[in-house]
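Just so you know, all these numbers are worked out from the coordinates, no wet-lab data involved. Because the structure is predicted, anything quoted here is derived from the model rather than measured. Ideal geometry is used to build each Cβ from the backbone, glycine not excepted, and the neighbour counts take in all protein chains shown.
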Amino acid sequence: MNVLSHGTPFFCDYDCLDRYAGPHEVRTAGNFERAHYRYDPRTEDAPALLARIAREWRPDLLLCWMPEIHPPPQRIEEVQVPTVALVSDWNVFYPLLETNLARYDVVLCDTPGAHVLRNSLVTPRHLFPLYSQITKFHKPYPEPKDIDVVFVGNLNHTAHSVRARYLERLGRFSGRYRIVIATQVYGEDYGRLLSRARIGFNHSIRGELNLRVFETMACGSLALLEEENLEVRDWFEPGRDLVLYNHANFEECIAHYLAHPGEARAIAERGMAKVNRFAGENRLTELIDRAATVPSSGRPFRGLPPEERLYQDFIMYAFSQWDVYHAIECELLPRVMKALPGDPRAWTALGQHLANAYSDAGDEEQRRIRYMKAFAQAQRLAPGSAPYALNLATAARACQMVSQEADSLNMTLLATSLEGAQCLAGSIGHPFLIRWHRAVAERTATLAMLHAEAHIRMAHLLAGRGEPSHAEEHLAQAETLDPGTSSGLSLLAELQWASRRKEEAIASLYACMARHPMNPAPRERLCEMLAEMGREEEERLLSEDSMLIARACQPLHPSQS
């Protein structure tokens, strides 16, 4: 079978294609130098690209890896070749995936994604893990095992709150063991770091069997994974190939295997022997063969109204971080606005586009006016919508229009609809947006969450205007509405401290610490408060605890990484 691959195979690297020696011929298409078939996504759509390729080599199957990051060529739903979308980060990119996945014949994803992404247009499947180690990097190196436990990955406590709590617990072990918690280590340096560790700590974000499982095992370290993982038992035997931990036994588990190195080494060796078959080059044949047998969805995207297809085209490229797709975004936007003048989604799309530095909207003042008008029109078209009202508040804040922000926050608090839940605007890394996108995907998003966020933003405005008591009232409302929120606790502590309710301020910062694991800011401020209160022993214990965690997170010297 001739297989055309678009995007990054197994979400990691192209090394697996270089090493593949199976019965299928796999070639790549993309806007990068090493692709077999390079194309310009601005000028060549999917049918044209496939027709050009077919003149010398006729593909039988098209694999589109991670379309949420690597958008396919335009009109992918019209190609005459069966298509497979292989999805990863649905928790972040659900708004663009929800309908756009209906373009493909087959959608593959992780176990929770098979439930979350299912709707009237999309029937995703989980056949096997879609992640893989990179053989050229992830292997045993001739390095001493001089690290007891290592973690390398994203330290964003909002996106990975549960993992961050475990990382704090792991960091406290740095007084007894050599613990390394690192970020932004890649390639061979990453492989060598994993290889030096006796244990590699891991906690997945979605319950999936993630990249780190395979990387750790391939490097010869004992893989430590959460017991609640939804996929691990389908592929590995706990206690034999890797070790599972839970909230109650985490420290005990680590201490046991560090105290019994022979047992740990035996498990690591069995895992390393088994994980080789999960390398991308060794699984590609099975993936192709099984994906090719899944019945086609019929690509129901093609049956949507033309204006809806156009809007979905726009968001598919507008979410992309790659510069090459910005021109497509700019070309599609006027067509979206013309086709959907009464749709608040279109006006929100215009506002989000105008927030980008590459948008051609005249001088800064013109852009600011158009930016505000776009979000205001979206709110007018859906006056009962909390998402569109909060978007208008976000725009007003970006434009430093304080009174308009307050008015929009009040509209949010009065709103009774979740219309536009997938269209909430803002930086993709904003703590609330991270929580919101996940909640929308898992269908747990509520009006209470948006109302709580509006109360918190209003509290910040009121605190800045010198109205602390009113600010506290809003923070109390936020806590009642959404106990999972955390962005108002630091402000609450400062308001309590300023009004001489110092014990309450300290309690609030302790709560803030619990909800912001791996964030040094509330710890440092709490130490200052404790010292000022003369609670020296409590301050000393907190400082020592913080120092243990910080010691584990010390940047590695280049010669050590």
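Here the extension length gained between Phe128 and His24 equals 35.5 nm, from 0.36 nm per residue of separation less the Cα-Cα distance.
Only Lys, Arg, Asp and Glu carry charge here, each on its Cβ (+1 for the first two, -1 for the last two); on that basis the chain has a dipole of about 700 debye about its Cα centre. For the chain, averaging the sequence separation of C-alpha pairs within contact (under 8 Å, six or more residues apart) and dividing by the residue count gives a relative contact order of 13 percent.
Taking amide H atoms as placed 1.01 Å from N in the peptide plane, the amide H of Val152 lies under 5 Å from those of Ala182, each 5 or more residues away in sequence or on another chain. For region 174-180, the Karplus equation 6.51 cos²θ - 1.76 cosθ + 1.60, evaluated at θ = phi - 60°, returns couplings of 5, x, 10, 10, 8, 10, 10 Hz by residue, with Gly and Pro reported as x. Here Arg212, Arg176, Arg118 are placed in order of increasing Cβ neighbour count within 10 Å, fewest first, which gives Arg176, Arg118, Arg212. Shown in residue order for region 206-213 are the 3J(HN,Hα) couplings computed by the Karplus curve 6.51 cos²θ - 1.76 cosθ + 1.60 at θ = phi - 60°: 10, x, 8, 7, 8, 3, 4, 4 Hz (x for Gly and Pro). Under the criterion of Cα pairs below 8 Å and six or more residues apart, the relative contact order for region 147-278 equals 23 percent. Cross-link reach is defined here as a Cα-Cα straight distance under 12 Å, omitting same-chain residues fewer than 8 places apart; for Lys338 the aspartates and glutamates meeting it are Glu307.
If the chain linking Arg500 and Arg370 were pulled fully straight, counting 0.36 nm for each residue of separation and taking away their Cα-Cα distance, it would gain 42.3 nm.
Ordered by the number of other Cβ atoms lying within 10 Å of each residue's own Cβ, fewest first, Cys330, Cys109 fall into the sequence Cys330, Cys109. Rounded to the nearest whole Hz, the Karplus-based 3J(HN,Hα) values (6.51 cos²θ - 1.76 cosθ + 1.60, θ = phi - 60°) of region 112-127 follow the sequence x, x, 4, 8, 5, 7, 6, 8, 5, 9, 10, 10, x, 9, 10, 9, with x at glycine and proline. Remark: Leu447, Leu541, Leu354, Leu4 ranked as Leu541, Leu447, Leu354, Leu4, counting other beta-carbon atoms within 10 Å and listing the fewest first. Comparing Val3, Met458, Trp322 along the charge dipole axis of the chain, the residue lying farthest to the positive side is Val3, per the Cβ-charge model.
Taking square-rooted eigenvalues a ≥ b ≥ c of the alpha carbon gyration tensor, is the chain rounded, prolate or oblate, where a/c under 1.5 means rounded and, failing that, a/b exceeding b/c means prolate? Can you show the working numbers first?
Values: a/c = 2.16, a/b = 1.05, b/c = 2.06.
Because a/c hits 1.5 or more and a/b fails to exceed b/c, the chain counts as oblate.
Run the helix sum for the chain: -39,500 (n - 2.57) per DSSP H stretch of 4+ residues, divided by residue count, reported at 222 nm to the nearest 500 deg cm²/dmol.
Values: 24 runs with 280 residues, N = 561.
Theoretical 222 nm ellipticity from helices: -15500 deg cm²/dmol.
Straight Cα distances below 29 angstrom link Lys139 to the lysines Lys274, with same-chain residues fewer than 8 positions distant left out. Shape call for region 18-133 from the C-alpha gyration tensor, a ≥ b ≥ c root eigenvalues: rounded (a/c under 1.5), prolate (a/b greater than b/c) or oblate? Cα axes put region 18-133 in the prolate bin.
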